[in-house]
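The values are calculated or read from the model by the stated rules, or taken from the named source; none is laboratory data. Just so you know, these numbers come straight off a predicted model, no measurement behind them. Cβ placement follows ideal geometry from the backbone for every residue including glycine, while neighbour counts extend to all protein chains displayed. Accessible surface areas use protein heavy atoms only, side chains included; no ligands, DNA or RNA. Shrake-Rupley method; radii C 1.70, N 1.55, O 1.52, S 1.80 Å.
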Amino acid sequence: MFILKEAVQKPAYFPPGPPVLPVIGNLLSVWMNLKRYKYHHCVWKNWSKKYGKILGLRLGVVNVVVVFGKKYIKEVLSRDVFDGRPDGFFYTIRSFGKKLGIVFSDGATWAKTRRAVLKHLKNFGYSSRAMEANISEEAKAIVELRKIDAGIPIVVNHILDVAIVNILWKLVAGKRYDLNDGRLTLLCDLITKSFQVVDMSGGILTFMPYLRHLFPKIIGYTDLKAVNDDVYKFIKETIHEHRTSLDVNKPRDLIDSFLIDIMEQKDECFTDEELQVICRDLLEAGVETVNNTAVFMLLHIVLNKDIQTQLQAEIDSEIENRPPTLKDRSRMIYTEAVILETLRISSVAAVGIPHMAREDARLGDYIIRKGTFLLLAIHDLHNGDQWKNPDVFKPERFITAEGNLIQSDLLMPFGAGKRRCIGEGLARAELFLFLTHILQRFNLKIPNGDPIPSTEPIDGVTLSAKEFRVIFELRRNK
Ligand code: HEM
């Protein structure tokens, strides 16, 4: 086979990486290494052992750099020159072929959109007591539903996702769905499926987009298109309902407020398409991440009986039988440590969300050319040798000898800098309230005869847990 070390000329000072082939670059080696290492983030990690903390890849015709270690990850996250988002087909197919919304846009339009979305979310209760009440209402609904099937084994991977949509959708669209709502459940399943066919680098669809005409199913195009059609049908209907009942003097939620911005032409970037992509960004970024983390959290708890017992002891002594509140967090160090340990060991955003160099810039000893995609090795930062026994789920690593919580700067599940996740506060509040509500009422058990569930994730845009069953057994006197 024709493999030459520098068969394709890499730019001067490009970080070192595996040999590249003409046209496809490293794509063949990625594919072959995936067979061995199973996960994209493990392939990058293995190469970084040989080539260093700033790993240079050529995927198809795109330069991709994977950045390892706290120092360089922080540097990328804090410098404006690296705060772009990739242009590839995978990223823009979800937004009408353009850079719209918050997650995959950049420059001045992104900054304006991010500001406007945060302002509107706050106006409707984001980060307030109303949001807490909203999360608690959903946590109670989850508990009520589990009481019905208490004692019966159930697959837990999707028992939370409609509740998570509801919490966001109340702010975005002023709406709540029944936790068994058929359409919402299907929509969540479709989003999950589409997240599992591609990884965050955008896969073949970004690097060789023309292959979608030849192998649409294999490279994930069929699933992405299906999710596009269904998600936008749902969003367009929701926006239409809002438009037909809009009172410009009484905006009810984010969609109403944005429709008013569009009517008043406050800015040329406020368009109907922009609003649709914002809704999609919030739905996808805010549901899959929280659901996957919460499911991993339940998995670690069901696998570690001692941890479950300690959590329940803390809940019983600090909360007793009243509903949990966010105020309880400051006293519930062990519960908070379990959440941090889950965010560490099961880092669902394994390489963050890709950044892009907006100009040529130096990073370490290398020049990162304008347009280079930057993936951040967050999973490795959270699971590397810098942690003692990183493969062991041990909440105590986040607790000092005096019993205080440790905020480690090696833990960056939500990114950092200007593009830091806008949902961090919401996600942390959801994880706390879901966990405390559930363990206050139930013991979680693996059904007799079921295999011990694996903590090995499913690869994808975000990592997710493989399907497993749990019995929710009502606690005595609860
Ligand atoms: C455990 C849950 C979550 C995790 C682990 C997570 C993680 C992340 C990460 C790593 C980024 C990229 C930061 C960067 O580019 O440097 C991000 C961005 C983002 N997240 Fe989250 N997230 C979570 C929950 C949420 C929620 C609940 C929302 C909904 C409000 C949300 C909305 C967003 C948005 C809109 C962005 C894009 C920000 C931008 O590009 O300016 N996320 N998140």
Item checked: Equivalent ellipsoid, the chain (semi-axes from 5 times Cα gyration tensor eigenvalues, Å) -> 36, 29, 21
Next item on the list: Could you tell me which of Met208, Thr289, Ala130 has its Cα farthest along the dipole of the chain towards the positive end, charges placed at Cβ (Lys, Arg +1; Asp, Glu -1), taken about the Cα centre?
Entry: Met208
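For the chain, what is the charge dipole size about the Cα centre, in debye to the nearest 20, if Lys and Arg each add +1 at the Cβ and Asp and Glu each add -1 at the Cβ?
So the dipole magnitude of the chain works out to roughly 940 debye.
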Note to self: Please report the spacing between the Cα centers of segment 261-325 and segment 350-412 in Å, no decimals.
What the structure shows: 21
Item checked: Extreme residue, positive dipole direction of segment 331-474, given options Leu433, Phe393, Asn443 (C-beta unit charges) -> Leu433
Checklist line | Residue pairs, from the table Lys98/Lys266; Lys99/Lys170; Lys119/Lys250; Lys38/Lys71, whose Cα atoms sit over 18 Å apart | finding: Lys98/Lys266; Lys99/Lys170; Lys38/Lys71
Notebook entry, point to check: Setting aside same-chain residues fewer than 8 positions from Lys35, which lysines have a Cα under 16 Å from its Cα?
Noted result: Lys45
Notebook entry, point to check: Contour minus end-to-end for Glu318 and Asp178, with contour as 0.36 nm per residue of separation and end-to-end as the Cα-Cα distance?
Noted result: 47.3 nm
Notebook entry, point to check: Carbon and sulfur: what percent of segment 353-440's accessible surface (1.4 Å probe)?
Noted result: 49
Checklist line | Value at 222 nm in deg cm²/dmol, rounded to 500, when DSSP H runs of n ≥ 4 in the chain each add -39,500 (n - 2.57) | finding: -15000 deg cm²/dmol
Notebook entry, point to check: Can you pull the semi-axes for segment 169-315, root of five times each eigenvalue of the Cα gyration tensor, sorted largest first, whole Å?
Noted result: 32, 27, 14
